[in-house]
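Notes follow once the structure below has been shown.
Just so you know, all these numbers are worked out from the coordinates, no wet-lab data involved. What you are looking at is a predicted structure, and each value in this text was computed from that prediction instead of being measured. Counting neighbours? That spans all protein chains shown, and the Cβs are built from the backbone with ideal geometry, glycine included.
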Amino acid sequence: MKAFQVNAPLDYRLAEVEAPRAAPGEALVRVAFAGICGSDMHIIHGDNAFVRFPRITGHEFAGVVEAVGEGVEDIAVGDRVCIDPVISCGHCYPCRIGRPNVCTALEVIGVHRDGGFEERVAVPAANLHHLPEHLGLDAAALVEPYTIAANVLDRMQPHPGDRLLVFGAGVIGLTILQMARAKGIEEVIVTDVIDERLAVAQELGARHVLNGRDRDVEQAVLELTEGEGVPLIADAACVPALLPQMLRLASPAGRIGLLGFSPAPSDLVQLEVIKKELTLVGSRLNNRKFPEVLELMAAGRLDPLALVSHRLPFDEMPDGIEILDHHPEQARKVLIQIGA
Ligand code: MN
Ligand code: ZN
């Protein structure tokens with residue numbers, strides 16, 4: 001069967017590999033669609049210390065169950081499913097307090113073990129979620145990016161009427177915008193440096209969009225908020241140097257949700273944090289957010305297909321990678337049709 005294999009940094013190809021089998025407790029999924037994520041791009045470039053090569057990446061995918069291993073009960077052949085990539089141990093400290101997404105033995109499908117860019121993938125049956133009847137397999141492949149949004153918003157503890165400022169209008173910024181709107185956050189401000197992205201954010205319901213290249217974002221946000229600052233700030237730009245500005249833009253009692261994975265330090269200004277009693281939270285992957293996202297998608301409260309800029313057959317996946325590498329301003333989610 002066909003698989004997209006990364007053999008070493010920048011050495012990737014569609015390869016012929018042996019089909020996996022479902023071990024006890026696993027299901028074999030025939031993959032229909034899989035989305036290319038920024039983190040797949042980091043793996044392809046050799047910027048993910050957790051990955052051992054060769055690796056079949058892909059953690060945003062949906063498909064149909066083709067076989068189940070011994071002991072699997074709630075999943076049957078023919079079920080339409082999407083897959084939570086988080087595999088946790090259940091025993092360590094974070095697992096015991098209900099935070100399995102930062103399990104000390106964390107394994108992520110498509111990172112620590114093979115993922116969805118292959119015709120068939122074996123995954124723990126416990127990680128599968130049944131799809132609502134009318135949800136397409138293409139939309140279902142995009143549940144995972146929305147779980148990132150659901151997780152960071154949960155970590156930020158919104159109150160009714162809170163304003164939200166989102167740094168970055170890439171795919172994750174757009175899922176945060178949509179998820180916030182679905183949760184009743186009316187006023188979302190989005191900032192980025194690419195006009196094309198901001199135009200999409202506006203279409204998807206951002207109240208204000210600010211291009212940091214031609215505007216003083218700090219001054220504009222303070223004007224929009226009558227000098228108060230913003231209670232909720234989500235960092236989907238993931239540029240460490242922006243943290244001081246986020247601290248200045250937060251209102252007193254504000255919460256800042258961080259999603260970046262850079263090893264570069266950020267300047268943390270004590271005065272801003274303490275005088276306003278700010279809360280800075282990290283958010284990694286998702287903590288059991290698949291059911292919530294599936295429910296919102298089934299109810300039509302999210303618009304996953306609006307994220308998709310390119311839809312390519314599996315054979316053309318390397319072209320999708322080229323686009324993301326060289327024309328990021330033209331691309332949002334590149335969705336690969338693998339077997340549908
Ligand atoms: Mn992703
Ligand atoms: Zn654990």
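Relative to the 2.2 N^0.38 Å rule of thumb, the stretch 146-282 has a C-alpha radius of gyration ratio of 0.94. Taking amide H as placed 1.01 Å from N in the peptide plane, the amide H of Val166 sits under 5 Å from that of Ile189, Val190, Thr191, Ala234, each at least 5 places away or on another chain. Karplus-based coupling profile of the stretch 101-109, in residue order and whole Hz: 6, 10, 3, 5, 10, 3, 10, 10, 5, with θ = phi - 60° in 6.51 cos²θ - 1.76 cosθ + 1.60 and x standing for Gly or Pro. Normalised Debye scattering of the stretch 88-203 at q = 0.20 Å⁻¹ gives log10 I(q)/I(0) of -1.20, counting only Cα atoms as equal scatterers and leaving out solvent.
Positive contributions from Lys and Arg (+1) and negative ones from Asp and Glu (-1), summed over other residues with Cβ under 11 Å from the Cβ of Leu335, come out at +1.
Selection among Phe53, Leu137, Pro24 by position relative to the dipole of the stretch 17-144 gives Phe53 as farthest towards the positive end (Cβ unit charges, Cα centre). Excluding same-chain neighbours fewer than eight residues apart, the aspartates and glutamates reachable from Lys183 by a Cα-Cα span under 20 Å are Glu144, Asp154, Asp162, Glu203, Asp235, Glu292, Glu295, Asp303.
3J(HN,Hα) couplings calculated from phi for the stretch 263-268 with the Karplus curve 6.51 cos²θ - 1.76 cosθ + 1.60 (θ = phi - 60°) are, in sequence order, x, 6, x, 10, 7, 10 Hz; Gly and Pro show x.
Ranked by how many other Cβ atoms sit within 10 Å of their own Cβ, fewest first, the residues His45, His59 fall in the order His45, His59.
Rounded to the nearest 20 debye, the dipole size of the stretch 33-161 about its Cα centre is 540 debye, using +1 on the Cβ of Lys and Arg and -1 on the Cβ of Asp and Glu. Shown here are the Rg and Dmax of the Cα trace of the chain, at 20.0, 61 Å. Note on Lys2: no lysines have a C-alpha under 17 Å away, same-chain residues under 8 apart excluded. Quick check on the chain: of the DSSP beta bridges with both residues there, what percent are antiparallel, nearest 5%? Around 55 percent antiparallel, to the nearest 5.
Ordering Asp162, Asp315 from the fewest to the most neighbouring beta carbons within 10 Å gives Asp315, Asp162.
About its Cα centre, the dipole of the chain is roughly 740 debye, where the only charges are +1 on Lys and Arg Cβ and -1 on Asp and Glu Cβ. The helix-based estimate of mean residue ellipticity at 222 nm for the chain, built from -39,500 (n - 2.57) per DSSP H run of four or more residues and divided by its residue count, is -7000 deg cm²/dmol to the nearest 500. Rounded to the nearest 20 debye, the dipole size of the stretch 146-282 about its Cα centre is 340 debye, using +1 on the Cβ of Lys and Arg and -1 on the Cβ of Asp and Glu.
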